[in-house]
Structures are given as C-alpha cells and as structure tokens.
Amino acid sequence: MEPMQVDAPAANTAPMALEVLSLINDSRMTYGLRHQDYQRYREYCAHRVRRLRQLLELTKPNNKNVNQQKRLPETFSDARFLHLYVFQVERAWAYAMELKQESSSSMDMRKRHHLRKRLRKASQHADALSDLCDQQSVESRSVLDVKAYGARMKGYLLVEQQEWQAALDQFVIARVIYDEFGTASDDPQQEALCYAAIDDIDPNIRFCAYKLQLDTSNIPHLVDDLRKKNATVSALEPQLAQVTTQSSKKERPTLKWRGTTIVLRNDTVVKALEAAQQKSEWNEAEKVVKKAVKDDKEATAKVASSQSAKSTQDLQSVYAYVIYNLNARIIHRNIESALKAKSQDAVRLFDDILQIIQTLRELPMDDDLATAFEAELDVLEHYYRGYRCMYVAQVYGDLDRAAESVAMYQRAQTYMVQTKQQLQRLNGFQPDTALTVTEEDLSKLEQRIRSGSWKMHAAWHLAQDKNTSTTELSSKLEQLKLDNDTYLIDDLDSYPAALTQDSAMPKLVPFPPKLEAVVAKPFYFDLAANHVQYPDSLTLRAEDRSSGLFSKFFGFGKS
C-alpha cells in the first residue's frame, strides 16, 4: 500500500498503542485455535481484514465490481490501521500452519513449498508493520512488541528453510524482548502473555541449538550468551532500557506474612491492602482481592505459561491473608461481645467462631506453610471449644442442672489440657499472626473453669438438703464469693472460699504472716539456784543418814 497525502495530526495527539500479544491471543482463542482449527482462524482473519478495509475506507469499486485497495494515509492516529497489518500477518501464518498440518500426513512437496511461501508472506507483512510503526507516532513498547512479533515470524520461515543460525538469532531477539516485558510488566495478564510467548519460542531455540550442536540443557543461559553476540539485540538495548525503566520506575510493593514475601503486582489490590491495614477496611479489601482472583482465573484460562503459576500463587496468598485478617477481626469482636452477653448468647457467638476456624482451614496455603498454619488452628480450636463448654456449663447452672454443668466444666478442662499440649508442640505463634493464645490466656480461662466447677459442686451439695428451697439455694450460691482477699483460714465455715480468677492456687493462709503482739508471762531468772549444792551420789546421801544426833547438833561431820 502506498501512502496518500493528508493533513498532519495535531502535535498533542497521544501516541498509538498496539498490544500485539493481547490482540492475537484473544482472536486465536476465540476463533478456532483453542482446538487447533487453523482453517476457521484463517477465514476469520480474512473476514477481519476485509471488514477493516471497509471501516477505514481503503476500498473503492471499479467497473468490474472488484474491490481495489486505496493507499494508506501518510500519517494517522487510528490504531486500526495497525490492526489491519496484524491480521494480514495472522492470515498468512494461519494458512501456513494449516498447510503444515496437511503436509505432515503426506509427502506432497508442493504443500511444503506453499507453506514456505505463506510464511514468507507473513514475514513481509510483519516487516511492513514494523516500518509503519517507525514512521508513525507509536508507543515505544508497542514498537518493540511489533519487532518481537516480526522476529518470531521470520524465525518460523528460517526454520522451514533450515537456516538454523539465522533462525536462532531471530528467536533470541523475540525472547529477549518478551523476557524484558514480562519482568517489567505491572499487568498480570500481559505478564502471562509474555511468558506464554517465551514458552512457545523456547522449543524452537532448543531445536536450532541442537542442529548447531550447541548446549541445550540450559536455554536461559544459552540466550544470555547469544544476546551478547547479537547485533540487533545490542541495537535494541537503549529502547529496552527506556521501556523497562518507565514500566518499573517504582519498585513493586511486597507483603510479608507468615515468614514469606509476596510480590504485589496489582495496583488496585495494593491500595485496598493499604486502606485495610490503616483503616481496618477488610471487607472492601476482600471484595477487591476476590475480583482480582476471578480475573486471574479467567486470564489463566485464556493463556497459561510456565510463570503464570507463580503469579496465581502470589495472588492466592494475598487472598488468604485478607480472609484471615477479616475473620480474625470477627473473632475478636465476638469474644468481646461474649464477655458482656448472656451465657446463651455467648454459646452462639462461640459457635460462629468455631465455624470461622473451619473456614480458615480451607484457605489456599503453600505446602511449606500449611503444616504450621494447621497446628495454630488446632490450638485455637481447642481453646475456643473450652470457652464454649464453659458457657454451656453456665447455662446448665442457670437451669439448676448441676450435674450437667459439672460435666461440661470437666470437658472444658480436658480441652485446656489438650490446648497446653498442642501449644508446647507448636513452640509459639508467628509474630505477625492476628489470632494467638498465650500461657496467660490459658491460665485465666482455666481458673474461670475451675471456679465454676467448684461452685457447681457446692450447688449440688446444697441441693441435697431437702429442706432448702430453690430460692434459698440461689441465695446461697450468690453468697459464694471468690474474691482475691479471702483466705481459707479466715472463713472456714463457708464453702468454697479463696479461689480467684487471678491466681492458679487457692489461698490457704497469708504468707508471710502479719506481725501481731502475743500475750505471755515475763521471763523469770532464778539466780539463787546457781549456789545450791546437790548430792552427787548415793554414797553421800547414805553417809548423811548414818551420822549421830550429837554430831548434827554441834555441826561436826559436815563437809
């Protein structure tokens, strides 16, 4: 097509954008190539070319009613002119692939010759499209995208012509461009398209390298070596650097959760997470991330690549992070409400909490993190089950069913023992976890369970008195005080006493004891007893008895 003279566009017209990969992928997947129907796709491309010519007024009838092509405008700002060339390339390529399918089951050399002609036609249209992009106002990224597309078509032609080195150079050019686009892209769908194109190019690079007796064990390393020797790639380096700098002028934000770093590629998701972390708007974040997961699923259904699994996994991890924090917020709210609510309402609240724990078990988690996450959920589940059993026991206590209440308290105590054992095996929760259970939490809950159990035992004993009415029983239970300042030794006539919520053991006596004055006799020291002499033996006492009366009277015989 020869350009015709038209007025130049305004200077402030924005450059045209042409997303070749997105355009051809949508067309191929919609019109036949999902099932490798090249004939249907070729017919669609022919119809699309004809329709674009009509819309762009590039046809004119003559006397024989045959459409004759008009010349292209010298300058234009409508990207449909570029689409026209893309579908011309696709029509020729689809025809070549159709011939390749037919020639694979026969030895007809005419079809092989026709195949090469159609690939040559596709390569020519691709070169014309590249030249047109250089002449018009087109975005730099679109220009490189078109060059990569043309290099692929030229590489397919050179493979059919068995020119292995030239084909390898063309495939390296295309792969380098797509690799740079995939690394710097902020759009997950565009990134998946780039890596899907790389997956299509790599087998051709491996085949050409095999024919050239090169090492094919590591394709990325081989491409890096050939990139340094390729003059075309060296000429494109400034444009690649400019495009990648514009695309990645700011580093991608990351999210750290449970010891892993998640790369955030979606700007909408990033804004939603920032609002959720600062303003606790987790409901809105859940809607945004859920929509992103849905869009990613649809994009993956359209095009899958070797790198799409990583992108999908990161998005699934973000979704798990948002759902976890949203449900953690609900659990904290339910616990605060249960502390102020009636026992019956508290039981329903903890039923909801246990249901949430089961929901958290279904979150998509990486295999390396799933084991520790499940262990944390086991600790939380047994802890909240102990809470629920305690409130159920209180409900039975309000209904004067002491036996059932005591049984529920015992079940709650069993859950506490299991929670302690699991917590010891867990070796602590992750530092950035919103739901945790500490030894202090267990001690407080266990103390409440023990206090309630003792109170129900007392209620049962009081109920055994047949003379005690229900009103009197309730009054006596209300008089049972478990305060922090009572000791068993001070109140031995009431039952129970001295068990508090803040201490793990009942207080028997105050220790150290208080200093008090005691009543006692004064000490008496008998100093005169030190001068009294007592007989040392029976002999001396016997001698005293044998002395006469006369000697005793005059004092003789005394020592």
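The values are calculated or read from the model by the stated rules, or taken from the named source; none is laboratory data. The structure presented is a predicted model; accordingly, all values stated were derived computationally and were not measured. Don't worry about glycine lacking a Cβ; one is built from the backbone with ideal geometry, like all the others, and counts go over all protein chains shown.
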* **So residue 146, is it of a type outside the set (Phe, Trp, Tyr), under 19 Å from residue 130 (Cβ atoms), surrounded by 17 or more Cβ atoms within 10 Å (Cβ to Cβ) and touching a strand residue (DSSP E or B) at 6+ places or on another chain (Cβ under 9 Å)** => yes
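Tell me yes or no: at least one residue of the stretch 157-168 is aromatic (Phe, Trp, Tyr) and under 18 Å from residue 194 (Cα atoms). Spell out the reasoning first.
Start the filter on the stretch 157-168 by keeping residues that are aromatic (Phe, Trp, Tyr), which leaves 164.
Those left that are additionally under 18 Å from residue 194 (Cα atoms): none.
Within the stretch 157-168, not a single residue is aromatic (Phe, Trp, Tyr) and under 18 Å from residue 194 (Cα atoms).
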* Of the residues 21, 58, 52, 33, which single one is modelled with pLDDT under 85 and either surrounded by 18 or more Cβ atoms within 10 Å (Cβ to Cβ) or assigned by the TED database to the domain that holds residue 148 (or both)? -> 58
* To do: Could you tell me whether any residue of the stretch 252-259 is of a type in the set (A, V, I, L, M), more than 28 Å from residue 26 (Cβ to Cβ) and in contact with a strand residue (DSSP E or B) (Cβ under 8 Å, 6 or more places away or on another chain)?
  => yes
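Out of the helices (runs of 4 or more DSSP H) lying entirely within the stretch 205-319, which hold 1 or more residues that are modelled with pLDDT under 85?
231-247, 267-279, 282-302
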* Going through the stretch 447-458 one residue at a time, which ones are within 23 Å of residue 423 (Cα to Cα) and touching a residue at least 60 places away in the same chain (Cβ under 8 Å)? -> 449
* In this structure, is residue 337 in contact (Cβ under 8 Å) with a residue 24 or more places away in the chain and among the hydroxyl-bearing types (Ser, Thr, Tyr)? -> no
* **Residue within the stretch 232-253 that is without any contact (Cβ under 8 Å) to a residue 40 or more places away in the chain, surrounded by 12 or more Cβ atoms within 10 Å (Cβ to Cβ), within 30 Å of residue 330 (Cβ to Cβ) and not basic (Lys, Arg) present** => yes
